Amino acid sequence: MVLINDPDFETGKGDFDGTGMTYYGRWTYKYEQGARQGALGVLVVHETAPASYGWDTVASSNTNSMFDVVRDNPRSAHPTLEGWIQRDLATELFKQAGPDFETLKKQAQTRGFKPVELKDQRLSASYQVKSDVITSHNVVARLEGSTHPNETLIYSAHWDHIGVGKPDARGDTIFNGALDNAGGTAALLELARGFAKGPKPERSVVFLAVTAEEKGLLGSEFYASRPLYPLETTVAVINMDGMNPFVPSRDFGIYGTAKLELLDQLKTVATQSKLRYTPDPKPQAGYFFRSDHFSFTKRGVPALSYAAGQDWEVGGVAAGKAASDDYTAKCYHQQGDEWKPDWTFAGAARDLGVLYALGQQLADSRQ
């Protein structure tokens, strides 16, 4: 069993970016490291604050079909068993074995901590796996540049969501993914339409709709590891993972707190629309590692995921934060992520103008 997030999360002090999550705090890294250490299984203890989402999100995200790329040696990347365990259940297991969960948790947040065996505790798991090899697709469109066609700007969005799963309290089994990420996919199509109708860019512009983001950024990872157009000449990636369907905001952000030159260019463009930059309000959530831009940034390509701000033009920060919190609690990776009658898409339309202007600047510059 391992804890979610980093050792610094509760104290805010240490070598792991304080309360901001690093990749070492992600559940994906816990599984990867477990595999490297030869663990048969890894259970991540769920706590809402350090995970940044409730148990409902965990349950609905992991109870239907799971995907991975075909690997020569799957055990090198995954333990045989990967899962989450509720905190109360973990606490009870610790109690039965003797150690106090909170005491060991504090010790685990310090340098030099060694794993502790839960004596006389055993895990018995019985499950059947129906394994199929399927083909899913990244969808790519390219508008060739007029002057520097071998240099590429990428707009990206993932077109997948969770699919079909267990029914919720209403009996709904369909995870529509209206905001996450039909919104981003629609934005990608609108940007493609705008560039196709507008002045031809000097650099080539690629519109990349990737698959299997919800299964571990698999589609973007596949493209980034086997790019159609060289990453060495890819000047930037602008990713859209959810758009603001409500009223416009007075601010904007990006996923994570990385210091990026690309962010400076976005700030300059956004100023023309009277938008100010607001740092990630939830650095502990590790959003920087949770969307498709990450597949490119870790390979040295300037990339970011745009995030709408929370300071709404109507209702201010209180209204924007309330809507964000409500979405996380009731809709994120749940059946409730579906079209709402109060959506005006005014915020998305304004933000698309900003992203289009940024793309024009990048496509027509020599930076």
Quiz item: Being outside the structural domain of Gly14 (by TED's automatic domain parsing), modelled with pLDDT of 90 or more, within 27 Å of Tyr229 (Cβ to Cβ) and exposed (fewer than 14 other Cβ atoms within 10 Å of the Cβ), is that true of even one residue in the range 112-120?
Solution: no
Self-check item: Residue among Asp342, Asp325, Asp337, Asp351 that alone is of a type outside the set (A, V, I, L, M), in contact with a strand residue (DSSP E or B) (Cβ under 8 Å, 6 or more places away or on another chain) and either in a loop (DSSP other than H, G, I, E, B) or within 29 Å of Asn64 (Cα to Cα) (or both)
Solution: Asp337
Exercise. Confirm whether Thr344 is within 19 Å of Ala178 (Cβ to Cβ) and of a type in the set (Val, Ile, Thr).
Key: yes
Quiz prompt | Only listed residue being touching an Asp or Glu at 6+ places or on another chain (Cβ under 7 Å) and over 30 Å from Ala319 (Cα atoms), chosen from Thr211, Thr297 | solution = Thr211
Exercise. Give the number of residues within the range 203-230 that are in contact with a helix residue (DSSP H, G or I) (Cβ under 7 Å, 6 or more places away or on another chain), over 19 Å from Gly163 (Cβ atoms) and assigned to a helix (DSSP H, G or I).
Key: 2
Exercise. Filter the range 142-190 down to residues that are at positive phi and within 20 Å of the chain's Cα centre (by Cα), then give me how many there are.
Key: 2
Quiz item: Only one residue in Val42, Val58 is in contact with a Phe, Trp or Tyr (Cβ under 8 Å, 6 or more places away or on another chain), in contact (Cβ under 8 Å) with a residue 12 or more places away in the chain, of a type in the set (A, V, I, L, M) and under 22 Å from Arg111 (Cα atoms). Which one?
Solution: Val42
Quiz item: When the residues of the range 304-322 are filtered to those that are within 18 Å of the chain's Cα centre (by Cα) and part of a strand (DSSP E or B), which remaining residue is farthest from Ala186 (Cα to Cα)?
Solution: Leu304
Practice problem: Would you be able to say whether some residue in the range 280-303 is out of contact with any Pro (no Cβ under 7 Å at 6 or more places or on another chain), part of a strand (DSSP E or B) and under 18 Å from Thr152 (Cβ atoms)? | Solution: yes
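A quick yes/no check of all residues on (1) assigned to a helix (DSSP H, G or I); (2) modelled with pLDDT under 90; (3) within 30 Å of Asn176 (Cβ to Cβ); (4) not assigned by TED's automatic domain parsing to the domain that holds Tyr327:
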site	(1), (2), (3), (4)
Gly20	no, yes, no, yes
Tyr24	yes, no, no, yes
Val44	no, no, yes, yes
Thr63	no, yes, yes, yes
Asp68	no, yes, yes, yes
Arg71	no, yes, no, yes
Thr91	yes, no, no, yes
Lys95	yes, no, no, yes
Leu104	yes, no, no, yes
Quiz prompt | Sole residue being surrounded by fewer than 21 Cβ atoms within 10 Å (Cβ to Cβ), touching a residue at least 24 places away in the same chain (Cβ under 8 Å) and over 16 Å from the mean Cα position of the chain (by Cα), chosen from Ala196, Ala236 | solution = Ala196
Self-check item: One residue from Gly145, Gly184 being at pLDDT 95 or above and in contact with a His (Cβ under 9 Å, 6 or more places away or on another chain)
Solution: Gly184
Self-check item: Residue that is modelled with the lowest pLDDT, among those in the range 267-279 that are in a loop (DSSP other than H, G, I, E, B) and not basic (Lys, Arg)
Solution: Pro279
Practice problem: Tell me which residues, restricted to the range 231-241, are assigned to a helix (DSSP H, G or I) and not hydrophobic (A, V, I, L, M, F, W, C). | Solution: Glu232, Thr233
Quiz prompt | Those residues of the range 139-177 which are outside any strand (DSSP E or B), of a type in the set (A, V, I, L, M) and surrounded by fewer than 19 Cβ atoms within 10 Å (Cβ to Cβ), in sequence order | solution = Ala169
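The values are calculated or read from the model by the stated rules, or taken from the named source; none is laboratory data. Worth saying up front: this structure is predicted, and the values here are computed from it rather than measured. Here the Cβ is made from the backbone with ideal geometry for all residues, glycine too, and neighbour counts use every protein chain on show.
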